Amino acid sequence: MSSVGLLLLCGIFLGVAPAHAAGDAVTIDATVDGTPVGEDELLLDPSGSSRILVTVHNGTDTVRHVKTIRLSGTALALTFFSYDTTVPFDVPAKESVTRGFVLDLGQLGTQATGLLPTELEVLDTNRDVIASIGVTGDVRGSLWSVYGVFGLAVFGLTLLAWAGALFALARRRLPANRWQRAMRFLPAGVGTGLVAVISLSVLRVMAPSPAAEIPFILGAAAAAFALGYLTPHPDVDDLRPPPTDPESTQRITRPLPGGVA
C-alpha cells in the first residue's frame, strides 16, 4: 500500500477528512444593489425594486443545477416574508457562475418591519437548498404589517395575562400552593420576554436570534415565576366558605306562655 493510501486509511479510522474535502462544497456570494450580503445590515425598501447578483461557487466534482433563488426573513422560528425567483442555470464542477435579476419588493411593506434575520438561498430542481448566506435585513415596512400586528397581538395577550394574575392577587384568590401561584404568573413572564424581543426588532435595536431570544424569554419567565412564588399566602379564612348560620336558614319555634306556639 502506498504512503498516500495509508494516510487516507488512517484518516478514515481517525475520523479526519482528506485535506481537499473542505473545498468540496457549494458556496455563494451575493450583492443587493451593490451591497455585499453578509457584511452589514441589508436594507430592504418596499418602495422600489432591488438588483440582486448571486455567484455560485461549485467546489464539487459534479454539475449543480440551480433553479430558484430565495430571499426570506424569519423571527421566532416563523417566516414572515419569502420571495422565490426562478433563475435556472447550471454550475459546472470546480467553477463559478454569476446570475443577476431584479426583485420587486412592493409587497414587503405589508409583511414585515424592523430588523429580521434574512437568508438568501439557492435551490436545485428538487427545491432542496444547495447553499445559503445569512444577513440581518433592515425592512422598512409598516407597523401594521404581519410582523407588526403579530407583535401587537402578543403585547395584548401579555397585558391580559398580567391583569388576570394581578387581579387574582388583589382579590386574594390565588391558589394556596406556592408552585401553583408561580405557574399562574409564568405565561405573563413568557409574554413579556416575547414582547421585548419583538419590540427591539421593530425599533431596529437588535434582530431576533436564538442568542437574544432565549435569554430574554427565559429571564422574563423566571422573574415572573419567582414573583408568583413569593406572593403572599392567601388567608385561610378567605379560601374557606363562610360558615352557615342555622338560625338564618331554619326558624326555631319555642312554646310561648299559655301554650301558643
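None of the figures in this text is laboratory data; all of them are computed from the coordinates on show. Remember, predicted model here, so these are calculated numbers, not experimental data. Neighbour counts run over all protein chains shown; Cβ positions are idealised from the backbone, glycine included.
Per 10 Å bin, what percent of the C-alpha pairs of segment 146-234 does each bin hold, from zero upward?
19, 43, 26, 12, 1
If you take the Cα Rg of segment 33-88 and divide it by 2.2 N^0.38 Å, with N the number of residues, what do you get? Walk me through the numbers before you get to the answer.
Numbers: Rg = 13.9 Å, N = 56, 2.2 N^0.38 = 10.2 Å.
The reported ratio for this selection is 1.37.
Given the C-alpha atoms of segment 23-139, compute the convex hull and give its volume per residue in Å³.
Numbers: hull volume 11.7 nm³, N = 117.
Taking only Cα atoms, segment 23-139 has a hull volume of 100 Å³ per residue.
Obtain the nm distance between the two label points defined at Asp124 and Ser82 by a simple spin-label model: each point lies 7 Å from its Cα along the Cα-to-C-beta direction.
In this crude label model, Asp124 to Ser82 measures out at 2.0 nm.
If you stretched the chain out fully between Ala211 and Leu159, how much longer would it get, using 0.36 nm times the residue separation minus the C-alpha to C-alpha distance?
On the way: separation 52, 0.36 × 52 = 18.72 nm, distance 2.54 nm.
Difference between extended and current length: 16.2 nm.
Using a Förster radius of 30 Å, what is the FRET efficiency between Leu152 and Arg204 based on their Cβ-Cβ separation? Nearest 0.05, please. Walk me through the numbers on the way to the answer.
Numbers: r = 17 Å, r/R0 = 0.57.
Computed FRET efficiency for Leu152 and Arg204: 0.95.
Over the residues of segment 190-238, compute the C-alpha Rg and express it relative to 2.2 N^0.38 Å.
1.58
Return the long-range amide H neighbours of Thr60 (sequence gap of 5 or more, or a different chain), with a cut-off of under 5 Å between placed amide H atoms.
Ala25, Lys94
Can you work out the Karplus-derived ³J(HN,Hα) for every residue in segment 100-106? Use 6.51 cos²θ - 1.76 cosθ + 1.60 with θ = phi - 60°, whole Hz, and x for glycine or proline.
Computed from phi, the couplings for segment 100-106 are x, 7, 9, 10, 7, 9, x Hz.
Sticking to Cα atoms, compute the Rg of segment 130-197 to one decimal and its Dmax as the biggest Cα-Cα distance, whole number, in Å.
17.8, 59
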